[in-house]
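Beneath this line is the structure, given in structure tokens, with notes to follow.
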Amino acid sequence: MKILANDGISQNGITTLEKAGFNVLTTTVAQEQLSNYINKNKIDALLVRSATKVRKELIDACPTLKLIGRGGVGMDNIDVDYAKSKNIHVINTPAASSESVAELVFAHLYGGARFLYDANRNMPLEGDSNFKGLKKSYSKGTELRGKTLGIFGFGNIGQATAKLAIGAGMKVIYCDPDVAQTDIELTFYNGQNITFTLKNTDKDDVLKNADYISLHIPGQENYVLGKAEFSKMKQGVGIINAARGGVLDEVALIDALENGTVAFAGLDVYESEPKPEIKILMHSSISLSPHIGAATLEAQERIGQELADQIISLLN
């Protein structure tokens, strides 16, 4: 059987699949040429990340497909229900990249609380001529310890983020109507474990009480954080979005940054991705990364292995 990993797959995933008798192709095929390539090469399984879209039209055009795999959590780039209605297996790796995304959230949080996003822009320009001035500008940072992190969406990534927050000495509150209560277990290097029980909190309560807010929800038809939500937040809140572009109203975010409601934002995803708006890219109070939440070597190895194991189980 032939597998096309159109957005790539780790070497350990390729090795596992090849040992099981699969032929793995890692050619990156343009979206508009994908159906022709799949049909010409009689591809049985298509693996994607976030770049490739697998819509109804592609599914209908490719009768050889038996499986569609998403290396990651969200599957909003795949018409999942339609594929399943055609008896095509649809798989993903919901837990493989959770820790990587959570660590990026905290990279943005720590950098935001201490103005590193802006210091790293200005130190190369003024570090030798305005050192004391820059020191004064960046000397009003805050600590995360003792603050409250509000999390919207409490699946695997939201819970992984909560673990880091608790480990950093923060209070965690979350809003997710699908998770009424859950136990968060922190496991330490020496084998010790501590369990914390957290309960779902009303959306308005999270907005009013959080010092920092992190989004961990799939793509939505409407904004989860828009003008109305920003008006309910604490003055000087920090906002992190490493979930999906479009769950956060970027126009409202800019307004909230300008009026001081939001002290800083950290964005890994964007409404107009892959061409973020220039006002977002140039804003001095936004920490930026190019959709790399799951892009660690460890996460990609876990994703590749998990995809391979599922494919072998379903297609062999």
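In the stretch 265-295, what residues are acidic (Asp, Glu) and open to solvent by less than 10 Å² (accessible area, probe 1.4 Å)? Listed by number, the list holds a single entry, ASP268. The set of residues in the stretch 141-171 being touching a residue at least 60 places away in the same chain (Cβ under 8 Å), open to solvent by less than 50 Å² (accessible area, probe 1.4 Å) and farther than 12 Å from VAL101 by Cα consists of LEU144, THR148, LEU149, GLY150, ILE151, PHE152, GLY153, PHE154, GLY155, ALA168.
For the stretch 43-64, the candidate set comprises residues that are touching a strand residue (DSSP E or B) at 6+ places or on another chain (Cβ under 6 Å) and either modelled with pLDDT under 95 or part of a loop (DSSP other than H, G, I, E, B) (or both); within that set, the residue that is surrounded by the most Cβ atoms within 10 Å (Cβ to Cβ) is ILE43. Here is a list: GLY127, GLY133, GLY238, GLY219. Which entry is of a type outside the set (A, V, I, L, M), under 21 Å from the mean Cα position of the chain (by Cα) and surrounded by fewer than 18 Cβ atoms within 10 Å (Cβ to Cβ)? Exactly one of GLY127, GLY133, GLY238, GLY219 is of a type outside the set (A, V, I, L, M), under 21 Å from the mean Cα position of the chain (by Cα) and surrounded by fewer than 18 Cβ atoms within 10 Å (Cβ to Cβ), namely GLY219.
When the stretch 1-42 is examined, which residues are found to be assigned to a loop (DSSP other than H, G, I, E, B), within 28 Å of the chain's Cα centre (by Cα) and surrounded by fewer than 20 Cβ atoms within 10 Å (Cβ to Cβ)?
At the first step, the residues of the stretch 1-42 found to be assigned to a loop (DSSP other than H, G, I, E, B) are 1, 6-10, 20-22, 26-30, 41-42.
Among the residues that remain, those that are also within 28 Å of the chain's Cα centre (by Cα) are: 6-10, 26-30.
Within the stretch 1-42, ASP7, GLY8, THR26, THR27, THR28, VAL29, ALA30 qualify.
Regarding LEU134, is this residue closer than 17 Å to ARG114 by Cα, touching a Gly at 6+ places or on another chain (Cβ under 8 Å), among the aliphatic types (A, V, I, L, M) and part of a loop (DSSP other than H, G, I, E, B)?
no
Within the stretch 91-124, if we keep just the residues that are free of Cβ contacts under 8 Å to residues at least 24 places away in the same chain and more than 20 Å from the chain's Cα centre (by Cα), the residue that is most open to solvent (accessible area, probe 1.4 Å) turns out to be ASN120.
How many residues, within the stretch 48-82, are under 24 Å from the mean Cα position of the chain (by Cα) and farther than 17 Å from LEU4 by Cα? Qualifying residue count, the stretch 48-82: 7. Return yes or no: is ILE157 of a type in the set (A, V, I, L, M) and in contact with a strand residue (DSSP E or B) (Cβ under 7 Å, 6 or more places away or on another chain)? No, not satisfied. Contact map, the stretch 10-37: residues that are closer than 18 Å to SER50 by Cβ paired with residues that are exposed (fewer than 11 other Cβ atoms within 10 Å of the Cβ), Cβ distance under 7 Å, separation 6+ or inter-chain. No pairs are found. Each residue in the stretch 72-126 was checked for being within 26 Å of ILE184 (Cα to Cα) and part of a loop (DSSP other than H, G, I, E, B), and 9 pass. Residues considered: SER289, SER284. Of these, the only one that is more than 16 Å from the chain's Cα centre (by Cα) and of a type in the set (Ser, Thr, Tyr) is SER284.
The values are calculated or read from the model by the stated rules, or taken from the named source; none is laboratory data. The structure presented is a predicted model; accordingly, all values stated were derived computationally and were not measured. Neighbour counts run over all protein chains shown; Cβ positions are idealised from the backbone, glycine included. The area values use the complete protein model at the heavy-atom level, side chains included, leaving out ligands, DNA and RNA. Shrake-Rupley method; radii C 1.70, N 1.55, O 1.52, S 1.80 Å.
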